[in-house]
Amino acid sequence: MAPVMVRDFAIYDGYLDLTAQRELVEAVQDVARQAPFFRPQTPYGKPMSVRITAAGKYGWFSDRSGYRYVPTHPDGQPWPSIPAPVLRIWDALTGLERRPECCLINHYDAQAKLGMHRDADEADFAWPVVSVSLGDDALFRMGNPTRGGKTQSVWLRSGDVVVMGGAARLTYHGVDRIRPGSSPLLPGGGRINLTLRVVD
Ligand code: MD3
Ligand code: FE
């Protein structure tokens, strides 16, 4: 499947069929049973609207002392391993020998959004980031290597996969809003986004 390229973002529209999406939802539910979703505090002390959990060697965490990768869930347990069907997507689309060390899992309810930011806490930006969308549609905004400037938005739908390599890897991006009720995939509604990252 050939991606649609938007600003070096490779968008694989409808990459996952319904069976594959359901398999991933089960895998995410399994991770969340072991490592429950939580709401991080921003360094400014405000709770994020997105709830998160993770799988792999590292998860992502934020509190008053800043953003960082951490080897354990806030409950002290190591993160569950990254589910095999998730790694298969990485393998198929990147063709890399290297595997991601973090599968960050974001959950968006009807009110949740993610402000414009760059993902820059990883050691080597030469590795791509892969994103998988499940559930409700999301308005994804792509910006520039520095804050500000013209942006371009696309609706990401359940089953879409995006590969951020090249210039896109350090591009500002965010999620303005979801379209509540647009997908019946998740039992409680909302949207789940998986991002696969090489951290070390
Ligand atoms: C571009 N997540 O978790 S996925 C994030 O839909 C994040 O939950 C959004 O931004 C979401 O950090 C957007 C697309 C995405 C993810 C990671 C990136 C784009 C990226 C890392 C670098 C560059
Ligand atoms: Fe991001």
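Going by the structure shown, is Val199 closer than 22 Å to Met48 by Cβ and either at pLDDT below 95 or in a loop (DSSP other than H, G, I, E, B) (or both)? Spell out how you get there, then give the answer.
Working: closer than 22 Å to Met48 by Cβ: yes; either at pLDDT below 95 or in a loop (DSSP other than H, G, I, E, B) (or both): yes.
Criteria met by Val199.
Across the stretch 83-109, what is the number of residues that are of a type in the set (A, V, I, L, M) and within 15 Å of ligand 1 (Cβ to nearest atom)? Even if it seems obvious, please write down each step before you answer.
Initially, the stretch 83-109 is screened for residues of a type in the set (A, V, I, L, M), giving 84, 86-87, 89, 92-93, 96, 104-105.
Subsequent filtering for residues that are within 15 Å of ligand 1 (Cβ to nearest atom) retains 86, 89, 93, 104-105.
Total satisfying the criteria: 5.
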- Task: Could you run through the stretch 59-90 and say how many residues are surrounded by 13 or more Cβ atoms within 10 Å (Cβ to Cβ) and not in a loop (DSSP other than H, G, I, E, B)?
- Result: 15
- Query: Looking only at the stretch 157-178, which residues are of a type in the set (A, V, I, L, M), touching a strand residue (DSSP E or B) at 6+ places or on another chain (Cβ under 8 Å) and either free of Cβ contacts under 8 Å to residues at least 24 places away in the same chain or farther than 16 Å from Thr195 by Cα (or both)?
  - Reply: Ile178
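The values are calculated or read from the model by the stated rules, or taken from the named source; none is laboratory data. Worth saying up front: this structure is predicted, and the values here are computed from it rather than measured. In this analysis, Cβ positions are derived from the backbone assuming ideal geometry, glycine residues included, and neighbour counts consider all displayed protein chains.
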